[in-house]
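Each remark here refers to the structure printed beneath this line.
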Amino acid sequence: MVSLLHARDLAGCEHRLALDSAYSEMIRDRPRTPEAARRTEAAALHRDRVRDLLRAIHSDQSPNTFVTVGQGSSAQRAARTVRACQEGAQWIWNATLPIDPDRGRRGHSELLVRVDDGYLPIIVVNHRASYAAKPRRGAPAEGTAALMTSPLWGWVPTPDPHRTIRNHRRDQLRLAHLTQMLLDEGLAPTRDEPDLCGGVIGLDIDCIVVHRIGTTLPDYRSVFERRQNVAAKSVRTTPRRVSECRSCPWWEKCGPELEARRDISLVVSSGQADTLTEVGIRTVDQLARYEGPAPQSWPSNVAFDDAVVNAIAWLADVPLVRRVERPLVQRADVEVDVDMESYGEDGAYLWGTLLTDNVDRDRPVRYRPFVTWQPLPTADEARSFAEFWAWLNAERQAAHDSGKTFAAYCYSQQAENRWLLSTADRFAGIPGIPSRAAVQTFIDSSEWVDIYEAVSANFVCPQGKGLKKIAPVAGFSWRDDEAGGAASMDWYTRAVAIGTTELDLSQRDRLLAYNEDDVCATKVLREWMDGDWADPDLARRVPYQDELLTLRRRSQARRTQGIEERPGADQRDGAEQ
């Protein structure tokens, strides 16, 4: 029997597909996590915005120009979609293609657009489909294909030098899946595969990004065939830790299996695990005892010794290992910790700050939030950001005027930088909003410090580099046991009553406490890093990597001499010394 596969089954963990197929009854009864529910709701709201915009664009045209397939069962929606195609509708929203039990395909496309005598798929995704192109010096290299985009009002693919595509494999496989279904139904505009295209409307809703699907189809067919075999249990799969494990409901089953066999993927990335497996290193113990040079295909941007240290630390249950004997972190007379909270792609509603004056000890360390509680997206975001920016720069200038050094800190500035710049762009011209150039100057200055980068430079982090992983080693703990990015999204929906959620004002206090703890965590972590590393107790709890590697080399020499040792003995002994 052929398994019915949706496009979402074609990417991600094969073992998850195998488990989903083997225990389908558990999938049906499995409740959605709050994070999954939030993503689903955010995607639905985004699709509604796109639908309303497209409907408005075509509102003055004939009724058959923009047709919406209503709700109902999959079979009912498919019948309405086919009927709309037969009647020559130009745009078909909420299109569902007929289930193909013989070939094992089912699929749904937010849009079908009529081209010649057939249809092409256009999908709507809740992430960016393209980025602004970086300025290019000179003429494009010969043979370089320009990104094609089409306006929202019609299918008019045109080279677009102002954008660069965001390659997203899931999007490409989904478009290929839908294109293959259109081909099988005889609904595609041509059977000349190199001419087949599809489109993606991304988060910005400013154009349709055009993808050439003909070149993707051979890869798609190979993937589809393998996934069919996985679902049919013809291909054996085993668990391996990958990024999606963090939110996978099967982790409770897979995690213990991986730990029981001490799988190498527990301490290195998936790609690195593949490289190590190719040379016969499949367990953490084997990596910790590995005597040779880095495998030939080991990624050049990753230190192989880091992987070895990760393995040793995992065996010794050590959460952090020093790269240097004494960690270094930038300090200042006046220090401001900053943490931003955003809601999906809708905006940044909270900029939390914690000011510490290390010169004036009588000045209280104070948490100050700059927040809007109007549901995002909202113009009030400009007001709260302008107040934050004015306060930050006033404190910065005051420090300079009094001869004090100043530094502002965050943990992983990628998110903060993105919202600093995008907020300046989105609200340009509004009083109090800085220019993009002013924001960029601050970001590029030595007074904007990323503690995540300092952690990366000073430590090997076997259990991950997230603030929730590292700060507890420095002795910090969050007041809320559920504190985390995913949970904060759920709190925010209740704090401002998004969608059908009931308003719960207590969630605002919860968000402020969570944000305050985050800025306090960066402060505690920074001060801990700048602490007394001559203290033998501290040095023992966070061992120096050269000491661990020396122990490894010593154990290798002892094994060469024929001395048998229990697995992980040197590593555990070294961690306890």
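Things worth noting here:
- Within the range 132-165, considering residues that are in a strand (DSSP E or B) and at pLDDT 85 or above, the one surrounded by the most Cβ atoms within 10 Å (Cβ to Cβ): Thr149
- Options Asp274, Asp192, Asp204; residue that is in the same structural domain as Pro151 (by TED's automatic domain parsing) and at pLDDT 90 or above: Asp192
- The range 360-376 - residue that is β-branched (Val, Ile, Thr) and assigned to a loop (DSSP other than H, G, I, E, B) and, of those, farthest from Lys523 (Cα to Cα): Thr372
- Which numbered condition Phe385 fails, given (1) of a type in the set (Phe, Trp, Tyr); (2) surrounded by 20 or more Cβ atoms within 10 Å (Cβ to Cβ); (3) outside any helix (DSSP H, G or I): (3)
- Residue in the range 78-101 that is nearest to the chain's Cα centre (by Cα), counting only those that are farther than 20 Å from Leu152 by Cα and β-branched (Val, Ile, Thr): Thr96
- Among the candidates Asp192, Asp263, residue that is of a type in the set (Asp, Glu) and touching a residue at least 24 places away in the same chain (Cβ under 8 Å): Asp263
- Applying a threshold of 7 Å to beta carbon distances and a minimum spacing of six or more residues, or different chains, the list of pairs starting in the range 358-369 at a residue that is loosely packed, with under 13 Cβ neighbours inside 10 Å and of a type in the set (D, E, K, R) and ending at one that is at pLDDT 95 or above and part of a strand (DSSP E or B) reads Arg363/Asp357; Arg366/Leu355.
- Residues that are under 16 Å from Gly347 (Cα atoms), hydrophobic (A, V, I, L, M, F, W, C) and without any contact (Cβ under 8 Å) to a residue 40 or more places away in the chain, drawn from the range 381-411: Phe388
- Which numbered condition Cys248 fails, given (1) more than 25 Å from the chain's Cα centre (by Cα); (2) surrounded by 14 or more Cβ atoms within 10 Å (Cβ to Cβ): (1)
- Residue tally, condition surrounded by fewer than 17 Cβ atoms within 10 Å (Cβ to Cβ) and hydroxyl-bearing (Ser, Thr, Tyr), over the range 264-282: 3
- Within the range 197-237, the set of residues being under 26 Å from Leu53 (Cβ atoms), among the hydrophobic types (A, V, I, L, M, F, W, C) and touching a Ser or Thr at 6+ places or on another chain (Cβ under 9 Å) comprises Cys197, Val200, Cys207, Ile208, Val209, Val210, Ile213.
- Residue check, Arg261 among the basic types (Lys, Arg) and buried (at least 17 other Cβ atoms within 10 Å of the Cβ): no
- If you check Ala78, Ala84, Ala22 for being under 30 Å from Asp204 (Cβ atoms) and among the aliphatic types (A, V, I, L, M), only one passes: Ala84.
- Out of Ser435, Ser446, one residue alone is of a type in the set (S, T, N, Q), surrounded by fewer than 18 Cβ atoms within 10 Å (Cβ to Cβ) and farther than 23 Å from Leu525 by Cα. It is Ser435.
- Conditions (1) surrounded by fewer than 16 Cβ atoms within 10 Å (Cβ to Cβ); (2) under 29 Å from Glu527 (Cα atoms); (3) touching a residue at least 12 places away in the same chain (Cβ under 8 Å): number failed by Gln414: (3)
- Hits in the range 494-543 (condition: without any contact (Cβ under 8 Å) to a residue 12 or more places away in the chain, hydroxyl-bearing (Ser, Thr, Tyr) and under 19 Å from Ser342 (Cα atoms)): Thr501, Ser506
- Filtering the range 200-242 to residues that are among the hydrophobic types (A, V, I, L, M, F, W, C) and in a strand (DSSP E or B) leaves Val200, Ile201, Ile208, Val209, Val210.
- The set of residues from the range 442-463 being acidic (Asp, Glu) and either within 23 Å of the chain's Cα centre (by Cα) or assigned to a helix (DSSP H, G or I) (or both) comprises Asp444, Asp450, Glu453.
Per-residue answers, yes or no, for (1) under 30 Å from Asp530 (Cα atoms); (2) of a type outside the set (A, V, I, L, M, F, W, C); (3) modelled with pLDDT of 95 or more:
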site: Gly292; (1), (2), (3): no, yes, no
site: Ala307; (1), (2), (3): yes, no, no
site: Val318; (1), (2), (3): yes, no, no
site: Gly347; (1), (2), (3): no, yes, no
site: Leu350; (1), (2), (3): yes, no, yes
site: Val365; (1), (2), (3): yes, no, yes
site: Thr372; (1), (2), (3): no, yes, yes
site: Ala386; (1), (2), (3): no, no, yes
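- The one condition in (1) over 30 Å from Gly154 (Cβ atoms); (2) touching a residue at least 24 places away in the same chain (Cβ under 8 Å); (3) acidic (Asp, Glu) that Glu257 fails to fulfil: (2)
- Residues (over 29 Å from Asp333 (Cβ atoms) and not hydrophobic (A, V, I, L, M, F, W, C)) located in the range 437-465: Pro462, Gln463, Gly464
- Single residue of the range 483-537 satisfying the filter (acidic (Asp, Glu), at pLDDT 90 or above and over 18 Å from Asn458 (Cα atoms)) that is surrounded by the most Cβ atoms within 10 Å (Cβ to Cβ): Asp518
- Qualifying residues in the range 396-439 (those that are under 24 Å from Tyr367 (Cβ atoms) and basic (Lys, Arg)) - the one modelled with the lowest pLDDT: Arg418
Table: residues versus (1) over 14 Å from Val542 (Cβ atoms); (2) out of contact with any Cys (no Cβ under 8 Å at 6 or more places or on another chain).
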{"site": "Asn301", "(1), (2)": "yes, yes"}
{"site": "Asp305", "(1), (2)": "yes, yes"}
{"site": "Asn310", "(1), (2)": "yes, yes"}
{"site": "Ala316", "(1), (2)": "no, yes"}
{"site": "Arg323", "(1), (2)": "no, yes"}
{"site": "Arg326", "(1), (2)": "no, yes"}
{"site": "Gln330", "(1), (2)": "yes, yes"}
{"site": "Asp339", "(1), (2)": "yes, no"}
{"site": "Asp346", "(1), (2)": "yes, yes"}
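The values are calculated or read from the model by the stated rules, or taken from the named source; none is laboratory data. If you're wondering where the values come from, they're calculated on a predicted model, not measured in any experiment. Methodologically, a virtual Cβ is constructed for each residue, glycine included, from the backbone with ideal geometry; neighbour enumeration extends over all protein chains shown.
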